[in-house]
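The values are calculated or read from the model by the stated rules, or taken from the named source; none is laboratory data. Fair warning: this is a prediction, and the values are worked out from it, not measured in the lab. Here the Cβ positions follow ideal geometry from the backbone for every residue, glycine too, while neighbour counts run over all protein chains shown. All accessible areas refer to the heavy atoms of the entire protein, side chains included, with ligands and DNA or RNA removed. Shrake-Rupley method; radii C 1.70, N 1.55, O 1.52, S 1.80 Å.
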Amino acid sequence: MVEMSGAQALIEALYKEKVEVIFGLPGGAMIPVYDVLRDSKIRHILGRHEQSVAHMAEGFARASGRVGVCMATSGPGATNLVTGIANAYMDSSSIVAVTGQVPTSMIGKDAFQEVDIIGITTPITKHNFQPRYASEIPKTVKMAFHIASTGRPGPVLIDIPKDVQSNTADMIFPNKVEIRGYNPNISPHPLQVKKAIDLLTKAEKPVIMAGGGVILSNASQKLQAMAELLLAPVVTTLMSKGCFPENHPLSLGVLGMHGSAEANKLILEADVLLAAGARFSDRTTGKIEEFCPDTKIIHIDIDPSEIGKNKAIDVPIVGDLSKTLDMLYDSLAKRLEKREDSPWLRRVRQTREEFKGKMIDQGEDLAPPKLLKKLRELLPNKAVITTEVGQNQMWASLYFKVFEPRTFISSGGLGTMGFGFPAAIGAKVARPDVPVVDIAGDGSFAMTANSLATSVLEKIPVIVVILNNSMLGMVAQWQRLFYNRRYSAVELGAAPDFVKLAEAFGAQGFRIGSLDEFTKVVKGALKSEVTTVIDVPISPEENVFPMVPAGKGLKDTIYG
Amino acid sequence: MERRVKKTYIISTIVENKPGVLHKASNMFRCRGFNIDSISVGPTEHKDLSRMTITIKGDSATVEQVVKQLAKLIDVIKVSALSLGSTVVRELALVKLHVADARARSDIINYANVFRSRVVDVAPGSITVEVTGSPDKIDAFITLASTFGIKEIARTGITALVRG
Ligand SMILES: Cc1ncc(C[n+]2csc(CCOP(=O)(O)OP(=O)(O)O)c2C)c(N)n1
Ligand SMILES: [Mg+2]
């Protein structure tokens, strides 16, 4: 037992969790914590808006597989975090957010900068805590990290009243915690596994739908082995892009509203669908009634509530994906012969041939598909890509091929404009050894561009490629296609000048006019010690295809 | 389809006896669009645990989701959807009735006896009866009471335990 303040206990507990970096922004209700942080070995990275520090923590978490930590003060600091926390919740990212709170004696009095952040974040956190005594802090931190990082990961918030930060107590730092209402280590039921094996053994046209869970449980290699054994083509979701190499002959790419033509087509032909750590979101499945209505579906998920939530399942398996895939593989390997080819694979190749050429290399020089293909050539496979939200994101999903897990980080569930740039900064902190590139839209980048200050001053160089259509492009696309071209509030004009904006923050900015120039600038950026913003003017009329209109099924995919 | 038939379900949960737990649970219902018919919360034989008994109307798929979403909450330790057959179900209601005259008063007292309920307050112009039993019994008493004129009703919501 050691006597120390709540603030000291917090930093000590974080240190014991091996936290090396905190993304944050202080304020009155956090001064005791920041006072301790000043002398700590933990690096603090100062953001310019709390939304961004939460995204940075998430970028860090998703690039590294560790827990990302962010901090904010009470009131507006805490409410600014909300978007970032919600984003992490929707995408099952492990972050711990620490907020300051008014002193316990002031809670409920509408004190200055008081906000009920526990109430506000209850639906968007995996769990939240408000320790009322300093002595509770070590255990609370231990529980927060345990909850955030195990089972289905998610954000956890710890709201610490200011007096709890400054009061001292005898502290005990537990090495382990048991939470009786939380048991994330669910072993798959052998009977269910057997049913799945029977279905998969007989499958003639199996498809694997890999979800974000594959990345979260580090099961990419197992998934690949399974696909090769079953000769099952693999579709991914936006969340799992990268868990299966997109240059693999069995890769069909991402499916969904802006899925690849072959993914959207072939999944509907499957006789058995193995859904691994996917949650059947509407953007992925399209109209759910028309999603694989006659297919036998096996669904593996560690979160029991995901099973049957959106889609009735034939063989549900609750369990850790990595463990479950091991069990499935061991049995299937004994039953199935290794094959090189199958009628189903011939069908896959034929479909791919049919769509070939329709998809890429179309349009002018700086058309996004061409540009992104060029970007891929310029970057090593291990480079980490983040995206903003809108057309830029969907172009990235369709045309930027990814080969390794944790190298594609995008706001999937919440679709948060402004996510990509701070997430890139967080990812770069986690992976300083690899280039990190945010594929951005002009609208989205403008939302969190003030993080340029953080990236420059904290020396976290990333590359931002703005596909600049001077539009809220995705909204404009819907208005063009479904509202008779009646543009409403989507024209962004020429403000800001992103080159000057970058320079104003001490970053470098370039506006490029050709693929050659783009190549040169990217090569330079890869060697640069400061952040590079590359403004790529593209046509405001460009659409993203394929597309499934809202409310329609995958079979109604329009190809352009 | 069996899964789509709507019925009343009783969901019994054991939760941490801590501030904020009721909010977390009830908030889940609101966020996910499930409707609570009644909810009752009280202590159990362990002082650090509470029991929440929730009744909802829904099909079996909905109830399955409700149970799973409740179980997912960290402060919820155990959840079960109880089947009516094997469950003791009780509710308490206080019913305040208009009393027009002495005749009405004695009628009410007689009916209260038939329902094995108790008169707990008598005042000029009103009588308050305490009824305990299954929700059906309470509904029946209320229907009867309405012929006299009901001033106010307070019902506790269902509480339940598995038999045996
Ligand atoms: C914070 C937020 N506000 C609004 C939206 C709705 N929205 C979705 S895409 C989009 C346009 C994005 O514009 P831009 O970043 O320029 O990307 P583009 O589609 O042009 O590539 C908007 C406004 C959103 N997803 N997030
Ligand atoms: Mg745009």
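Some points to look at:
- For chain A, the relative contact order comes to 14 percent (Cα pairs under 8 Å, sequence separation of at least 6).
- For residue A:38 and residue A:373, a Förster radius of 56 Å and the Cβ-Cβ distance give a FRET efficiency of 0.75, rounded to the nearest 0.05.
- Convex hull (Cα only) mean projected area of the range B:88-162, reported in nm² to one decimal: 4.5
- Distance from the range A:122-198 to the range A:204-232 (C-alpha centre basis), Å: 29
- Note on the range A:387-422 and the range A:465-481: Cα centroid distance 16 Å, given to the nearest whole angstrom.
- Three-way shape label, the range A:190-355, alpha-carbon gyration tensor, a/c 1.5: rounded
- Positive-pole candidate from A:300, A:239, A:508, dipole of chain A, charges at beta carbon: A:300
- Nearest-ten-degree value, helix B:102-114 long axis tilted from longest Cα axis of chain B: 40
- In this rough spin-label picture, where each label sits 7 Å from Cα along the Cβ direction, the residue A:133-residue A:173 distance is 2.1 nm.
- Near the amide H of residue A:160, within less than 5 Å, lie the amide hydrogens of A:99, A:100, A:101, all on another chain or at least 5 residues away, with H placed in the peptide plane.
- Rounded tilt (10° steps) of B:135-145 against the dominant C-alpha axis of chain B: 30
- Long-range HN-HN contacts of residue A:150 with modeled amide H, under 5 Å: none
- Kirkwood Rh, Cα atoms: Rg over Rh of chain A: 0.98
- Computed log₁₀ I(q)/I(0) - Debye formula, equal Cα scatterers, no solvent, the range B:1-155, q 0.13, 0.17, 0.18 Å⁻¹: -0.73, -0.97, -1.01
- A:474, A:30, A:417, A:447, reordered so the largest accessible area comes first (probe 1.4 Å): A:447, A:417, A:474, A:30
- Prolate/oblate/rounded label for the range A:483-523 (Cα gyration tensor, a/c 1.5): oblate
- The equivalent ellipsoid that matches the C-alpha gyration tensor of the range A:368-544 spans semi-axes of 24, 17, 16 angstrom, in descending order.
- Note: relative contact order over the range B:7-82, using C-alpha pairs below 8 Å and six or more positions apart, is 48 percent.
- Shape class of the range A:38-78 from the alpha-carbon gyration tensor: oblate, with a/c at 1.5 or above and b/c at least as large as a/b.
- Helix B:21-31 vs. chain B, principal-axis angle (Cα, 0 to 90°, nearest 10): 80
- Check: the protein assembly as shown dipole with +1 on Lys, Arg Cβ and -1 on Asp, Glu Cβ, in debye: 1340
- Length released on extending from residue A:495 to residue A:340, taking residue separation times 0.36 nm less the Cα-Cα span: 50.3 nm
- Calculated FRET efficiency for the pair residue A:107/residue B:126, C-beta based, R₀ 41 Å, to 0.05: 0.50
- Compactness of the range B:11-73, taken as the C-alpha radius of gyration over 2.2 N^0.38 Å, stands at 1.08.
- Under 5 Å, built H, 5+ apart or other chain: amide partners of residue B:37: B:55, B:56, B:57
- Largest to smallest in accessible area, the residues A:237, B:132, B:143 fall in the order B:143, B:132, A:237 (1.4 Å probe, all protein chains included).
- The peptide list A:487-495, A:136-144, put in order of mean Cβ contacts within 10 Å with the highest first, becomes A:136-144, A:487-495.
- Average beta-carbon neighbours from other chains, 10 Å sphere, peptide B:63-75: 5
- With each label modelled as a point 7 angstrom along the Cα→C-beta vector, the residue A:558-residue B:104 pair spans 6.9 nm.
- Across the range A:402-560, the mean sequence separation of Cα contacts (distance under 8 Å, 6 or more residues apart), normalised by length, yields a relative contact order of 21 percent.
- In chain A, helical runs assigned H by DSSP with n ≥ 4 each contribute -39500 (n - 2.57); averaged across all residues and rounded to the nearest 500, the mean residue ellipticity at 222 nm is -11000 deg cm²/dmol.
- Of the beta bridges in the protein assembly as shown, as assigned by DSSP with both residues counted there, near 45 percent are antiparallel.
- In terms of overall dimensions, the C-alpha atoms belonging to the range A:473-560 reach 47, 27, 21 Å along their principal axes, ordered largest to smallest.
- Sites residue A:183 and residue B:156 - FRET efficiency at Förster radius 41 Å, r taken between beta-carbons, to 0.05: 0.80
- Length gained on full extension, residue A:349 to residue A:310: 11.0 nm, using 0.36 nm per residue less the C-alpha separation.
- One decimal place: the segment residue A:20-residue A:289 gains 92.2 nm when fully extended, by the rule 0.36 nm per residue minus the C-alpha distance.
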